[in-house]
Amino acid sequence: MLKQGVALLLAAASLLTATACTASGQTATHEPALDPSVMELDPGAVNPMAIDYPLRTYNVGNEFVHTVERGVALLEQACFRRFGLDLPLPAPPDARPYPVWDWYGLWDEQTARQYGYSPPPWGGGGEPFPAVVPADWQRLLVGPARLFNGVEVPEGGCQGSAHRDIGLDRQPDGQLVETLQRDAVTRARQHSGVAPLVSAWADCLKKQGWDFKDPAEPFQIVPARGDESEMARLAAADIQCKKETGLLRAWVAADIAYQRLLLEENSEKLRDWTQWCDEVVRKSNDVVASAGQ
């Protein structure tokens, strides 16, 4: 299923684990200047969703996900029909939003008002084809059955066959872009223009009754039953202190600076990634066109 192909591109993980290494494993020795265009912004008006991140162009968006999901689903559906089984095609899911809601610690006010420090529901849209496959048919979807209803099953099941036809089995590095983005935001946290502002953020929260040293720490609190209002108050103060101290602005500016460095260092890999994405979309569109969709 696409969750083992495209979803490799969409996987989420812990964001704030400190590291001073690049994606290639080499220790960073150069600290870039904070992005001047971001530093010119009002600290209280910085919106990461509106920022033109250098690596953002390499993120898979809804158009890519919808196209590839549809192509794979059509191939999987056709494969099932060869075994006398028919399933409707669900609407494809949406791509993972970027930057993630906890990219700079808690930063998204709208998400914070609704969910506090709990992960919000991810994305929208529909669901991948495998989500509508009954449990009894999973062995046809992914194997390892060799026969199903007396008919030979392709290697890896209908999903494996679809992935090979589209080219998902040949992706150069499904987590490359996300790895680089996470590397950049983590290194940005340690930037000399950001680290002192983390201390200022901590002081700001301490004046309001909370004692934290790092923006990742509030996520580790499990509110006691009935403490939702207290957590909501903390979430609002957390974001407000990030803005008042200029922490969010500086962190975004450093993130952009490190993304530029990583883009340059990994230009060849990113070129291969782009070529692969273009090829997968082309093949998916061919499948959709052939099916008359």
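The values are calculated or read from the model by the stated rules, or taken from the named source; none is laboratory data. Quick caveat: nothing in here was measured; it's all calculated off a predicted structure. Neighbour counts run over all protein chains shown; Cβ positions are idealised from the backbone, glycine included.
Just a few scattered comments:
- Lone unmet requirement of (1) without any contact (Cβ under 8 Å) to a residue 60 or more places away in the chain; (2) surrounded by fewer than 21 Cβ atoms within 10 Å (Cβ to Cβ); (3) within 30 Å of ALA33 (Cα to Cα) for SER192: (1)
- Residue satisfying condition, being out of contact with any Asp or Glu (no Cβ under 8 Å at 6 or more places or on another chain), modelled with pLDDT under 95 and over 30 Å from GLU69 (Cβ atoms), within set GLY193, GLY292, GLY226: GLY226
- Note on the stretch 249-266: residues that are out of contact with any strand residue (DSSP E or B) (no Cβ under 9 Å at 6 or more places or on another chain) and under 20 Å from LYS213 (Cβ atoms) amount to 2.
- Given (1) over 21 Å from SER284 (Cβ atoms); (2) without any contact (Cβ under 8 Å) to a residue 60 or more places away in the chain, number of the condition ASN149 does not satisfy: (2)
Table: residues versus (1) in contact (Cβ under 8 Å) with a residue 40 or more places away in the chain; (2) farther than 30 Å from GLN220 by Cα; (3) buried (at least 21 other Cβ atoms within 10 Å of the Cβ).
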| residue | (1), (2), (3) |
| --- | --- |
| ASP94 | no, no, no |
| PRO99 | yes, no, no |
| PHE129 | yes, yes, yes |
| ARG139 | no, yes, no |
| GLU155 | no, yes, no |
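- When every residue of the stretch 67-86 is checked against the conditions, none turns out to be assigned to a loop (DSSP other than H, G, I, E, B), within 24 Å of ASP278 (Cα to Cα) and either in contact with a Pro (Cβ under 8 Å, 6 or more places away or on another chain) or at pLDDT below 95 (or both).
- Meets criteria (within 30 Å of VAL288 (Cα to Cα), within 19 Å of the chain's Cα centre (by Cα) and crowded, with 17+ Cβ neighbours inside 10 Å) for ARG70: no
- Check on PHE64, in a loop (DSSP other than H, G, I, E, B) and either crowded, with 16+ Cβ neighbours inside 10 Å or among the β-branched types (Val, Ile, Thr) (or both): no
- In the stretch 112-125 there is no residue that is in a loop (DSSP other than H, G, I, E, B), more than 27 Å from the chain's Cα centre (by Cα) and free of Cβ contacts under 8 Å to residues at least 24 places away in the same chain.
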